[in-house]
Structure formats: structure tokens, C-alpha cells
Amino acid sequence: MASSAAEAAGRVADDHDGWASDGEVDMEMEAGGEAHGRDAGRRDGGADEEDDAYSLVTRVSDTSAAEARAGKDIQGIPWEGLNITRQDYRKARLEQYKNYENFPQSGELMDKLCKQVEPSSKYYEFHHNTRSVKPSILHFQLRNLLWATSKHDVYFMSESTVGHWSSLSHKLSTVLDFSGHIAPAEKHPGSLLEGFSGVQVSTLAVNEGLLVAGGFQGELICKGLADCNVKFCTRTTLSDNAITNAIDIHRSTSGSLCITVSNNDCGVREYDMERFQLLNHFRYNWPVNHTSVSPDRKLLAVVGDDRDALLVDSRNGKITSTLVGHLDYSFATAWHPDGRTFATGNQDKTCRVWDMRNLSTSLAVLRGNIGAIRCIRYSSDGRFLVFSEPADFVHVYSVAADYKKRQEIDFFGEVSGITLSPDDESLFVGVCDRVYASLMQYRMAHAFNYLDSYV
């Protein structure tokens with residue numbers, strides 16, 4: 001993966017400029033005639049018309065389920081005032097979006113080898129889109145920046161802050177601000193009491209009442225959701241290649257609260273979050289981009305800057321199986337609650353599902369539309385597998401249908417993260433964009449779901 005903050009930030013800027021040039025600015029161009037931005041191409045007294053066009057495109061407006069059913073665009077994009085239809089713009093995006101690959105043509109090759117499942121199902125229904133929430137991304141390959149702790153409560157990164165959104169009260173609040181100085185209020189062995197300044201957050205995890213943020217320089221900052229102050233700060237490594245790529249919060253076999261941290265220095269570290277002590281440090285041959293702990297706590301699924309994925313013993317880090325099939329680097333893993341299957345997401349534009357009973361080949365190969373699979377979630381009841389691409393698409397697959405039925409959620413913008421509420425009732429999608437940044441909420445479809453209720 002990108003090994004420095006500057007390189008990653010540059011890639012994010014490039015990605016957003018790419019989206020802007022064939023996204024938001026194109027919409028402005030279509031609305032304004034010749035403008036390639038708000039201030040471009042103004043001549044012959046046309047400023048008023050173009051101001052009106054820009055105001056039309058950028059007007060902040062939430063969208064409810066009722067409004068969407070009545071025909072309003074779920075993101076509030078005013079297609080009726082633009083000289084391009086949504087269908088034509090989608091076609092252009094599919095043709096023009098450039099997937100990031102470490103192995104050239106890996107995605108195109110998988111497109112030829114893997115047939116896409118037709119989106120014929122609807123498991124989650126659009127419920128609400130709020131543009132008050134403005135998710136952001138700092139590292140273009142790391143998209144675990146959105147977490148739900150209930151069907152109403154969501155935590156997300158927005159620039160230098162961790163924010164909280166309540167879909168019940170529609171209130172927004174700041175949980176942690178990294179723009180200044182962060183220091184722990186409690187004293188624990190190994191904690192850096194002096195704290196950190198100006199942390200650039202690369203990844204986030206929220207679960208079990210704990211919020212943990214990871215930084216570009218190997219920082220870990222831990223805060224209890226019920227606490228006002230930070231509990232613990234540490235630096236996992238002094239390596240120059242120190243990006244914290246992913247954090248998994250889980251319970252150990254004894255029931256104690258732990259985190260497993262994946263790092264660009266090729267390390268996987270496990271911390272006891274009740275004593276704030278390092279328990280294990282496993283080293284591999286390549287930067288580790290994501291690790292997840294199996295439901296029985298015995299195995300780790302480990303992926304990184306290698307085509308192959310690993311299963312390792314959680315007690316000693318020894319490799320138990322090597323999983324062959326992907327054509328590029330992987331950035332996402334997730335376990336089915338039954339512990340028999342798990343999934344890996346790769347820059348070859350596929351999500352592979354593996355069965356513990358036969359690891360010689362993948363159980364299913366699920367294709368994306370335009371880019372890498374950067375975030376994967378299984379529903380807690382095991383009925384659905386959800387994964388997101390870098391932009392525009394989230395896919396929901398039926399596990400009961402052997403991954404042969406899927407729902408496709410289609411929008412425009414980079415994805416900061418996806419998250420299911422613990423009861424699986426809500427699916428949230430963070431959309432990062434200069435104009436249409438928002439938080440989209442979907443609700444599980446029920447047979448008699450005829451009321452739009454916040455309860």
C-alpha cells in the first residue's frame with residue numbers, strides 16, 4: 001500500500017480531482033453551459049445564470065424515504081436541472097473510473113474470468129440521506145472510517161475529527177478532535193502520557209463501548225464512548241513505514257476486551273484493552289493491510305501487500321493455511337458468524353468467500369463494478385455479506401442463496417466506509433465528496449414495512 005502520508009494524501013487528492021472532473025464539476029459544466037468550475041468561463045454577463053446553476057447543484061438538502069419514492073434523487077442531485085441524465089452519467093462513470101492496481105490489468109482480467117451476479121434482490125431499502133454529515137478519507141486505500149453502535153448511532157471521520165450522528169434526533173456532535181493535542185487522562189504502563197499532536201487518522205474502529213483511532217505514524221488513541229477523556233495513547237512502531245491500516249475490536253476467549261492492529265511495518269499486534277498491554281506481536285513478509293479474528297478466537301485472517309491471504313494461529317501467529325486466488329493486494333477481511341466461512345476483498349475488483357472445510361479454492365468469487373473491494377461486513381445473523389467498492393457501489397449478497405442473489409446500492413462519490421448496526425436493521429454508507437458528502441441510511445426490508453418510522 002502507499003507507504004507515506006504524503007503519497008496517500010496525494011492519491012486521495014488525485015481521486016477526488018478525478019471524481020470532481022467527471023463528477024461534481026461536470027455537473028456544474030452541464031448546468032452552467034461552459035463553466036469548468038464555479039469561477040471558470042464567466043463572460044458576457046453570464047455570472048448570474050452560472051451562480052444560479054451552481055446554487056442548484058450545491059444546495060444542501062436531506063432526502064427522506066418518502067421523498068425518494070416521490071422521485072427525488074437520494075443524494076439530492078438535481079438531475080432535472082442538468083444537461084445530463086443520471087443514466088448517461090452512470091455510463092460515463094463506468095467507462096472512466098480508474099481502479100488503482102499494484103498489478104496492472106488485475107481487475108480487467110477478473111472481469112473476463114468472473115461473471116457478475118445480476119442485482120435482482122432488495123434486502124435493504126433507502127431510509128434517509130443526510131448532508132449534515134460530511135465523511136472524509138485520508139488514505140485512498142483505507143476505508144474503515146464508519147461504525148454504527150446501534151441502528152441510530154454512527155461514528156465517522158470528518159477531516160480531523162471523529163463525529164457522532166444520531167439518526168433519531170438528527171444531532172451531530174464531535175467526539176474527538178485531532179487537529180490539536182491529544183493526551184491520555186489515565187496512567188497505564190506503556191502509555192505515552194505526553195500524547196500526540198496533529199494526528200493524521202488512517203483508520204478507525206468502534207465497538208464494545210470503545211473507540212480506537214490509528215494514525216499514519218503508528219499512533220493508537222483509545223477512548224471509551226462513555227468517557228469524556230482519552231484513556232490510552234501509544235505508538236505501535238517507530239518504523240518509517242508505520243501506517244496503522246486496520247483495527248479489529250473483539251473479546252478474547254476469556255472474555256477480556258482486546259484489539260488486533262494491522263500495520264504497514266509488516267506487523268500484527270494484539271493489545272489487552274482492559275490493562276492496555278501488548279499481548280502479541282506477529283511479523284510477516286509484507287505490509288499487513290487488514291486482520292480479523294475468527295468467532296471462536298482461534299484464527300486470524302490476514303491480508304496485505306501480497307496476492308495470497310493467510311490464516312494464522314491467533315496464539316502464536318504461525319501460518320496454518322495460504323489462500324491462493326486473488327491477483328492483486330487485499331485490503332479487507334470478514335468472518336461469517338458461524339466461523340466456517342470468511343471473505344477477502346482485493347484490488348482485482350473481487351471479493352472471495354472461503355470455506356474452512358476446503359481452502360484449496362474459494363467458495364465464491366464476487367465481482368465489483370468499477371474498483372477494489374475495500375470494506376467487507378457480514379450481518380450479525382449471518383444472512384448477508386455486504387461489501388463496498390472505492391466509489392459508487394455497495395453490494396449486498398444473500399448467504400442463504402449461496403451468494404447467487406444480490407442487491408446493488410448505486411450512488412455517486414467515494415466511500416469512506418460501510419457499517420451495519422448490531423441488530424442488522426440499519427446499513428449506513430459514508431459518501432465522501434466535495435459537494436455531495438453525506439451519510440446514507442438504509443433499513444432492512446420487511447414484509448410489512450409500510451411505515452417510515454425512526455423507532
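Here are a few things to note about the model shown:
- The Rg/Rh ratio for the chain, using Cα coordinates for both the radius of gyration and the Kirkwood hydrodynamic radius, is 0.96.
- Largest to smallest accessible area among 95, 101 [probe 1.4 Å]: 95, 101
- Per-pair calculated FRET efficiency, R0 = 30 Å: residue 109 and residue 338 via Cβ, rounded to 0.05: 0.40
- Prolate/oblate/rounded call for segment 70-124, Cα gyration tensor, a/c under 1.5 rounded: oblate
- Accessible area in square angstrom per residue, the chain, 1.4 angstrom probe: 41
- Cut-off 12 Å between beta-carbons: net charge of the residues surrounding residue 339, Lys and Arg +1, Asp and Glu -1: +1
- Cα centroid separation, segment 178-247 to segment 304-342: 26 Å.
- Unsatisfied cross-links (Cα-Cα over 18 Å) in the set 115/404; 91/134; 122/405; 151/171: 91/134
- 10 Å beta-carbon shell around residue 289, net charge (K/R +1, D/E -1): -1
- For segment 184-266, chymotrypsin sites (Phe, Trp or Tyr not before Pro) are listed when DSSP marks them as loop and at most 14 other Cβ atoms sit within 10 Å of their Cβ; the list is empty.
- Distance between the modelled labels on residue 296 and residue 120, one decimal in nanometres: 3.6 nm (7 Å Cα→Cβ projection).
- Each label point was placed 7 Å from the Cα along the Cα-to-Cβ direction; for residue 355 and residue 62 their separation is 4.5 nm.
- Between 0 and 90 degrees, the angle of helix 47-58 with respect to the longest Cα principal axis of the chain falls at about 40 degrees.
- Protein-only accessible surface order, largest first, of 306, 296 at 1.4 Å: 296, 306
- Cβ-Cβ distance of residue 400 and residue 251, R₀ of 35 Å, FRET efficiency by 1/(1 + (r/R0)^6): the value works out to about 0.85.
- Prolate/oblate/rounded call for segment 274-331, Cα gyration tensor, a/c under 1.5 rounded: prolate
- Sparsely packed GluC sites (Glu not before Pro) within segment 219-325, loop by DSSP, other Cβ within 10 Å at most 16: 274
- Peptides 325-334, 246-255, 170-179 ranked from most to least packed give 325-334, 246-255, 170-179, packing being the mean of other C-beta atoms within 10 angstrom over each peptide's residues.
- The chain - percent of accessible surface contributed by carbon and sulfur, probe 1.4 Å: 48
- Net +/- balance of residues flanking residue 242 in space, Cβ distance below 10 Å, scoring K and R +1, D and E -1: -2
- Computed lengthening from residue 173 to residue 445, 0.36 nm per intervening residue step minus Cα-Cα distance: 95.0 nm
- Summary of packing: across the peptides 238-245, 367-374, 104-111, the per-residue average of other C-beta atoms within 10 Å ranks them, highest first, as 367-374, 238-245, 104-111.
- Stretching residue 408 away from residue 423 to a fully extended chain increases their span by 3.3 nm, per 0.36 nm per residue minus the current alpha-carbon distance.
The values are calculated or read from the model by the stated rules, or taken from the named source; none is laboratory data. Quick caveat, the model's predicted, so the values are computed rather than measured. Note: ideal-geometry Cβ built from the backbone for every residue, glycine included; neighbour counts use all protein chains shown. Calculation scope for accessible area: heavy atoms of the full protein, side chains included, ligands and nucleic acids excluded. Shrake-Rupley method; radii C 1.70, N 1.55, O 1.52, S 1.80 Å.
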